[in-house]
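Report on the following structure.
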Amino acid sequence: MKTQEIFDQFVQLIKKYVKDVQKLETATMETKIIDDLKVNSARLVDIIINSEDAFDIEIDDDDADQIRTIGDVVNVIEHKLRVTAS
Amino acid sequence: MKNRVVITGMGVVSPNAVGLDNFEKALRCGKSGIRFISELEDLKFSCRIGGVPKNFDGIAKDYFGAEEQSGLSDNIAYASVAAIDAWQDAGLVQAADNGHPDWDSGTIFGCGICGMETIAAKVVPTVNAGKVRRLGSRIVEQVMGSGVSAHIAGIIGLGNQVTSNSSACSTGTEAIIDAALRIRAGLAKRMIAGGSEGASPYTWGGFDSMRVLSRKFNDQPDKGSRPMSASACGFVPGAGAGALVLEDIETALARNSRIYAEIIGVMVNCGGQRDGGSMTAPNPGGVVRCIRGAINDAGITGDEIDAINGHLTATFADPGEVKNWSAALERGPESFPYINSTKSMTGHCLGAAGAIETVAAVLELFRGFVHPSINCEDIHPEIKPFADRVVRTCLDYPEMKTMAKASFGFGDVNSCLILRKYEQ
């Protein structure tokens, strides 16, 4: 799966947690999930669970703790998919 | 000098109607909200009927976004809808998301067996399966004792006291009393008071096992809730929420709001599980003291009570309750006030009961009618002397001025409100 595909799928996935959906239209890998998109910080837990389900992977707690930007999540997902594939 | 407390807004999610107008129509025509619940049959309950608000998911879509609704238990969703409706009915607006809270307004909003459906359906199976991390972020807010009041405060932007009470089947009435006392004391100008309860076999199972639920009318659900009837055989479990905006009269008058009624007397107490009282049965002396306490607080006499909205659940306790009212008011069958039971139509909504029934009582007082108590055509032998005062067809009563509402709960707890029609 290409990075852009993961990015697009993840943006769709977090849409329901984002108060100002318009901000998602200009989102990049550097967009901060809590600070820029104003997602309730407690919802990060649900976003990770949803990502695990959507990509059929497991994101461990230490990786989850490092997540700040969309790029952080996309990179974790990409890494997990690569490990799974190999 | 205590501040006077008036009711300026109401909202209701009841088994027989959602919304004030629908509720009033349902009350007037004696519409039952009780229906057969196949899940209870599948689970081998003795009682297979219940009072559950109809088409609620569709209604809730108008109040919550999809993501927000997905994280709400029925209990919290019922309470939130009732509270939003009450706030709007009072002509008030919610604080903007990016604005400041309303420091003068708060809520006391309780439930009886809070969060049980979430605990039973999500928490226990998920944790037992070793998948605790999959519970997500929205479980605690649903199962915490103050989940209901916390959600209401967040939606409306309340900045005064925000808490949830719990006193079994007395919860809803107690919440109204506690909120009224806060306004009286000058600690808040406005409070949303109420109670709610979710619909769940896990909530109702313990009652079924105690054999206190109606089990002889599974094939006639609308006949199943029979307060004051000779053939009453237990209560029908129900769910829903009632909410009332209580307000300092000065504030209400200053903003020229409609006033439904004034709360002139309040009392809560406990029979101490002594003198015939127990965890599950009321001490008659405690009940009488509670009713008299509310009347004394109102500064009136028992003669001034025009009608009673009773607790009256359709268990063996109904005749005792009528006798207690009679003793407390010092009025025998010949001079007894009118009496009815909203539960005859809604079932027993547990923590929501007192709030839903107070909404009914206030509507009756404001509009000048007494709703029928259905399914008591065969009046209980011990209540027979009072039969003429049991309202069985809707009664126009525009001159009615004062109503009493009481609730009683497990733990031998009692609560009583005296409501008076507001006249300038």
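Listed values, structure above:
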item: At 1.567 mPa s and 4 °C, Stokes diffusion of the range A:3-85 via Kirkwood alpha-carbon radius, µm² per second; result: 102 µm²/s
item: Pairwise label distance in nanometres, B:I59 with A:E5, each label 7 Å out on the Cα-Cβ vector; result: 4.6 nm
item: Cα centroid of the range B:53-101 to Cα centroid of the range A:1-53, whole Å; result: 26 Å
item: Antiparallel bridges, percent of DSSP beta bridges restricted to the protein assembly as shown (to nearest 5); result: 70 percent
item: Dipole magnitude of the protein assembly as shown, debye to nearest 20 (Cβ charges: Lys/Arg +1, Asp/Glu -1, about Cα centre); result: 1160 debye
item: FRET efficiency, 1/(1 + (r/R0)^6) with R0 25 Å, evaluated for B:Q220 and B:N296 via beta carbons; result: 0.05
item: Highest-fluctuation residue, B:C29, B:C233, B:C169 considered, GNM on chain B with Cα pairs under 10 Å; result: B:C29
item: Relative contact order computed over the range A:3-85 (Cα-Cα under 8 Å; 6+ residues apart), in percent; result: 36 percent
item: Added length on full extension, which subtracts the Cα-Cα distance from 0.36 nm per residue, B:K25 to B:S46; result: 4.4 nm
item: Net charge dipole size for the range A:1-65 [Lys, Arg +1 and Asp, Glu -1 on Cβ; Debye, nearest 20]; result: 580 debye
item: Most mobile listed residue (B:I177, B:I374, B:I37) in chain B, GNM with C-alpha springs under 10 Å; result: B:I37
item: Computed over chain B, Kirkwood Rh from alpha-carbon pairs, angstrom; result: 21.1 Å
item: GNM top mover of B:R211, B:R274, B:R134 - chain B, alpha-carbon springs below 10 Å; result: B:R134
item: Cβ-derived FRET efficiency at R0 30 Å, A:E25 paired with A:E58, nearest 0.05; result: 0.50
item: Computed FRET value (nearest 0.05) for B:Y202 with B:R274, which takes r as the C-beta separation and R₀ as 25 Å; result: 0.20
item: For chain B: relative contact order, % (alpha-carbon pairs under 8 angstrom, 6 or more apart); result: 24 percent
item: Protection proxy ranking, peptides B:78-88, B:214-224, average beta carbon neighbours within 10 Å, highest first; result: B:78-88, B:214-224
item: At least 20 Å along the helix axis (C-alpha) and Kyte average at least 0.0, DSSP helices within chain B; result: B:74-89, B:284-298, B:353-367
item: Computed log₁₀ I(q)/I(0) - Debye formula, equal Cα scatterers, no solvent, the range B:5-254, q 0.08, 0.09, 0.10, 0.17 Å⁻¹; result: -0.32, -0.41, -0.51, -1.30
item: More than 22 Å apart - percent of Cα-Cα pairs taken over the range B:237-347; result: 46 percent
item: Per principal axis, descending, Cα span of the protein assembly as shown in whole Å; result: 88, 56, 40
item: Inverse mean reciprocal Cα-Cα distance (Kirkwood Rh) of the range B:151-193, Å; result: 11.0 Å
item: Label point distance in nm, B:R35-B:S70, each placed 7 Å from Cα along Cα→Cβ; result: 2.6 nm
item: Estimated dipole of the range B:5-254 in Debye, rounded to 20 [Cβ of Lys and Arg +1, of Asp and Glu -1, Cα centre]; result: 900 debye
item: Sorted by Cβ density within 10 Å, fewest first, the residues B:S149, B:S278; result: B:S278, B:S149
item: Shape category assigned to the range B:1-148 from the gyration tensor of Cα positions, a/c cut at 1.5; result: oblate
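None of the figures in this text is laboratory data; all of them are computed from the coordinates on show. Model, not experiment: these values are computed from the prediction. All Cβ positions, glycine included, derive from the backbone under ideal geometry; neighbour counts span all protein chains shown.
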